[in-house]
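Structure below; questions to follow.
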Amino acid sequence: MKQQQLECAANTAVDSRTLYTNLTMAGFGGQGLMFIGKLLAFSAMKAGLQVSWIPSYGPEMRGGTANCTVVIANEPIASPVIRSPETLIIMNNPSLEAFEPRLKSGGTLFVNSNLVTCPATRKDIEVVAVPADEVAQSAGGRKAANMVMLGAYLAKVAILDKSQIEYGFLEFFGSKAAQTLDLNMKAFSLGAAFSQADCKTKKES
Amino acid sequence: MEKLFMTGNEAIAEAAIRSGCLYYFGYPITPQNEIPEYMSTRLPELGGAFLQAESEIAAIYMVYGAAGAGMRVMSSSSSPGISLKQEGLSYIAAAELPCVIVNMMRGGPGLGGIQPSQSDYFQATKGGGHGDYHLFVLAPSTVQEAVSLTGDAFDIADKYRTPVMILGDGIIGQMMEPVEFEQRPRSKEYDKSWALSGAKGRPRNVIKTLYLDPQKLEQHNLKLQDKYQKMKEDVRIEHYLCDDAEIVIAAYGTVARIAKTAVQILRDKGIKVGLLRPITLYPFPYDHFQEIAERIRKVLVVEMSLGQMVEDVKLAVNGKAEVAFYGRTGGIVPSYEEIAAELEKQLF
């Protein structure tokens, strides 16, 4: 429980001198995990931070699994290759199976609980289960489940705020992205709110 | 200067264009396809030429032609495709033509796989094709460095009239990082009076690689060797925390970055370890290794191969320090935890 409180406390005070974090996000191709990875890294770059983004580029097919790893720091990034990430965002069962064993001890596992039906097995990690499909549906479209997860993540690891993500969204993805901005940012906010409520519940329990 | 967020492949393509490269010939292969993709959009807009050839072999001879005409020209491929270009590279080196070739290495041998690798070190640095020749080989470890080395590659190619290889791997190609395209000092005007630019009003130029008279061929080879000796003035290496190091890791490209984190972890534990990162693989920074071997106990060479650069390190160190090796291959990328653990084993 102490670990959870520390995690929750971390979202209010990020020490700007020693900022370093990394995460891997994984799911089916088409769920927009590469998208949120790029969005996060690009927005962090615009906020003056150092970033790297590495995709999986295996012989994947539509509907197969895809993943990417992002490192964010305020000093030059040495290794962009991360075997054991501090955080995971997981959007399907095969990815949970592949990545849960690699999560750093004490790390946080965000799962889309509408799609990840297998339970996480490790006891040394914090699990944040977000019904991202439902939340996205309530924002106006299930396709924005990726943004729900990103919102949930950033509510916990407060390295960027909503306006920075919104700026990144428009800058990096251009006019095409602008059409879906409202839906995506609404999904982001609902994800963040869900995560904050989850954090509060855990603190009180 | 605005920071852009680009893959290594795109960044190299853009850097080439900014260096005045208007001609690109290639054939698709993963993990470098973003280079031809980028070139196919930009070069026609700029009045240059992009051509997807019928094969890597055709592409390298198109490079031969454009370089012979005095143009800045580039091709790129990945391991199996680079093997196909070797004959042409031997001809280009023999004909003393400047060009830039990118190899985003993937696991071999044969068709191998598409994941990152460094197993073409021998091929890149020792000649690759037939005959006594070398490429000038640059190994970037970040996307930003890939940009600056691409600019340098074109200058080095013109300076020495030689083919230059940028040796990356799947990670460098696919990874996205912030990049700035600083205004490079304008390349000096290199003498291209040798080029086949139309002989009206002057004696015709001849570009050839056939010397049937052994006396002449030996002279030609000696001239090439002389050039390879001169290239040593452009040797480059990064020393990281080496001053008080008792043991150093030697690695290049992507692996050097991973090893840098391993060094940081080990330093936190009080272990006096440093990193030597060759940036030019040919000419190899022998002198730097020789010098550091005098004051360290051991070098641990880490590669994504089963031991290629380690041979040059051994030559350089020449018994003055112990040389150990750790490698992963087939597309497996070693983690920094793995490298740190290996170094700790090597302490005893």
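Is it true that B:Q225 is more than 14 Å from chain A (Cβ to nearest Cβ), polar (S, T, N, Q) and free of Cβ contacts under 8 Å to residues at least 60 places away in the same chain? Explain how you work it out, then say what you get.
Values: more than 14 Å from chain A (Cβ to nearest Cβ): yes; polar (S, T, N, Q): yes; free of Cβ contacts under 8 Å to residues at least 60 places away in the same chain: no.
For B:Q225, the condition - more than 14 Å from chain A (Cβ to nearest Cβ), polar (S, T, N, Q) and free of Cβ contacts under 8 Å to residues at least 60 places away in the same chain - is not met.
Right, something else. Failed condition for B:L266, given (1) under 19 Å from the mean Cα position of the chain (by Cα); (2) in a helix (DSSP H, G or I), with all others met?
Looking at each condition in turn, B:L266 falls short on (1).
Mind listing whichever residues of region B:211-238 are of a type in the set (A, V, I, L, M, F, W, C) and either within 30 Å of A:A78 (Cα to Cα) or surrounded by 10 or more Cβ atoms within 10 Å (Cβ to Cβ) (or both)? Working first, answer last.
Looking only at region B:211-238, we keep the residues that are of a type in the set (A, V, I, L, M, F, W, C), and these are B:212, B:217, B:222, B:224, B:231, B:235, B:237.
Correct list: B:L217, B:L222, B:L224, B:M231, B:V235, B:I237.
Does B:L306 meet the test of being touching a Leu at 6+ places or on another chain (Cβ under 9 Å), within 19 Å of B:F325 (Cβ to Cβ) and either at pLDDT below 95 or not in a helix (DSSP H, G or I) (or both)? Write out each step before concluding.
Details: touching a Leu at 6+ places or on another chain (Cβ under 9 Å): no; within 19 Å of B:F325 (Cβ to Cβ): yes; either at pLDDT below 95 or not in a helix (DSSP H, G or I) (or both): yes.
No, not satisfied.
Per-residue answers, yes or no, for (1) closer than 24 Å to B:T125 by Cβ; (2) of a type in the set (F, W, Y); (3) surrounded by fewer than 19 Cβ atoms within 10 Å (Cβ to Cβ):
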{"residue": "B:M304", "(1), (2), (3)": "yes, no, no"}
{"residue": "B:E311", "(1), (2), (3)": "yes, no, yes"}
{"residue": "B:K314", "(1), (2), (3)": "yes, no, yes"}
{"residue": "B:Y326", "(1), (2), (3)": "yes, yes, no"}
{"residue": "B:A340", "(1), (2), (3)": "no, no, no"}
{"residue": "B:E344", "(1), (2), (3)": "no, no, yes"}
{"residue": "B:L347", "(1), (2), (3)": "no, no, yes"}
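Please return the ranges of strands (runs of 3 or more DSSP E) entirely within region B:89-184 where 2 or more residues are within 18 Å of B:A251 (Cβ to Cβ). Talk me through it step by step, then tell me what you get.
On the way: elements: B:99-105, B:136-138, B:163-169, B:176-179.
Filter on region B:89-184 gives B:99-105, B:136-138, B:163-169.
Could I ask something else about it? Among the numbered conditions (1) closer than 21 Å to A:N93 by Cα; (2) among the charged types (D, E, K, R); (3) under 12 Å from the mean Cα position of the chain (by Cα), tell me where A:E126 comes up short.
So A:E126 meets the others, but not (3).
Collect the residues in region A:129-160 that are surrounded by fewer than 24 Cβ atoms within 10 Å (Cβ to Cβ) and outside any helix (DSSP H, G or I), keeping them in residue-number order.
Correct list: A:A129, A:P131, A:G140, A:G141, A:V157, A:A158, A:I159, A:L160.
The values are calculated or read from the model by the stated rules, or taken from the named source; none is laboratory data. Being a predicted model, the structure only gives us computed values, none of them experimental. Don't worry about glycine lacking a Cβ; one is built from the backbone with ideal geometry, like all the others, and counts go over all protein chains shown.
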